[in-house]
Amino acid sequence: MSKKAIAKNIAAVLLIVLGLALCLNTLLAHQYSSDWNFGVVLPAVMGLGCFLYALKLLIVKRHLIRNKRLRTAIIVAFILCLLFFISVEAFIIMDPLIHRSELAGRVDYLVVLGCGIWPDGRPTHSLVFRLDKAIEYYEENPHITLIVSGGKGPNEPFSEALAMEDYLQAHGIPGDKIIKEDRSTSTKENFEFSRKLMNEPSHERVKIVFVTNDFHILRSRILARRFGFEAHAISAPTPAVITFNSYLREFFAFVKSMLVDY
């Protein structure tokens, strides 16, 4: 067997292992979320691609695309897309460090972004992490008003805002310190509708702190600016079982928001 054939076989085995890992990720993420959303399914789709290319390496001996120029163009396009993906992900990872709440100074509003509740009304782990960070910030800044932002999604018994309000009150935050924004169904609407609940002139930029999970901060901060906020972030952790899915999905959500969420 030639060295080239051995290299192809090794690459095929590595692709099969990677494909299995990606499919396992989808199963574990689904077990956590009980939902077949884009972020959950995408790793399995990538895994299927790994399996198909591994079969190509093992079975098909010639190039699938015989035209050399077209083959080169496809490879270059793939590399450019990969570099763009890596660049966006780097900004997503770095933004929580650059625009953290410690740099905000005094603010009057803390906006807590919703992200789903279980069918029985309990906040998901991601949302609990956000709420716990909000409680920590309130304890250090008791003058602030909290805006809990999130409407009622599919399979949710009531609005995320109501679940967040109940959680915060159960942990000692007075009800008169909480404003419910219970209509939003997207990050864009979180800030758009929250702004309408503030007793602030519409033409003025309002400085706020918001709470969301780490992967979500860059897009949230940019959208907040579009609706008149100077926003700094509190970064809540993401449950480990969905970290890869969340960062992967966020790339596509970021691109979509930059193009259409105005």
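The values are calculated or read from the model by the stated rules, or taken from the named source; none is laboratory data. Note that the structure is a prediction, hence the values are computed from the model and not measured. Heads up, the Cβs are rebuilt from the backbone with ideal geometry, glycines too, and the neighbour counts pull from every protein chain shown.
Figures for the structure shown
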| read-out | value |
| --- | --- |
| Filter result for the condition that a residue is modelled with pLDDT of 95 or more, closer than 15 Å to residue 221 by Cβ and of a type in the set (A, V, I, L, M), over 128, 76, 88 | 88 |
| Of the criteria (1) assigned to a helix (DSSP H, G or I); (2) under 26 Å from the mean Cα position of the chain (by Cα), which one residue 53 fails | (2) |
| Residue that is at positive phi and part of a loop (DSSP other than H, G, I, E, B), where the choices are 151, 121 | 121 |
| Subset of segment 160-182 [exposed (fewer than 15 other Cβ atoms within 10 Å of the Cβ) and in a helix (DSSP H, G or I)] | 169, 170, 175, 176 |
| Residue satisfying condition, being more than 19 Å from residue 247 (Cβ to Cβ) and either in contact with a Leu (Cβ under 8 Å, 6 or more places away or on another chain) or not β-branched (Val, Ile, Thr) (or both), within set 28, 24, 20, 42 | 20 |
| Condition met for residue 9 (at pLDDT below 95, surrounded by 13 or more Cβ atoms within 10 Å (Cβ to Cβ) and either farther than 30 Å from residue 155 by Cα or not hydrophobic (A, V, I, L, M, F, W, C) (or both)) | yes |
| Residue list for segment 56-66, restricted to those being of a type outside the set (D, E, K, R) and either touching a residue at least 40 places away in the same chain (Cβ under 8 Å) or in a helix (DSSP H, G or I) (or both) | 57, 58, 59 |
| Selected residue [touching an Asp or Glu at 6+ places or on another chain (Cβ under 7 Å), surrounded by 13 or more Cβ atoms within 10 Å (Cβ to Cβ) and either in contact (Cβ under 8 Å) with a residue 24 or more places away in the chain or assigned to a helix (DSSP H, G or I) (or both)] from 92, 16 | 92 |
| Among (1) of a type in the set (Ser, Thr, Tyr); (2) free of Cβ contacts under 8 Å to residues at least 60 places away in the same chain; (3) within 20 Å of residue 233 (Cβ to Cβ); (4) in a loop (DSSP other than H, G, I, E, B) - the single one residue 185 does not satisfy | (3) |
| Which listed residue is surrounded by 14 or more Cβ atoms within 10 Å (Cβ to Cβ), over 19 Å from residue 236 (Cα atoms) and touching a helix residue (DSSP H, G or I) at 6+ places or on another chain (Cβ under 8 Å), from 116, 151 | 151 |
| Odd one out for residue 122 among (1) in contact (Cβ under 8 Å) with a residue 40 or more places away in the chain; (2) touching a helix residue (DSSP H, G or I) at 6+ places or on another chain (Cβ under 7 Å); (3) surrounded by fewer than 17 Cβ atoms within 10 Å (Cβ to Cβ) | (2) |
| Verdict on residue 25 being under 29 Å from the mean Cα position of the chain (by Cα) and at negative phi | yes |
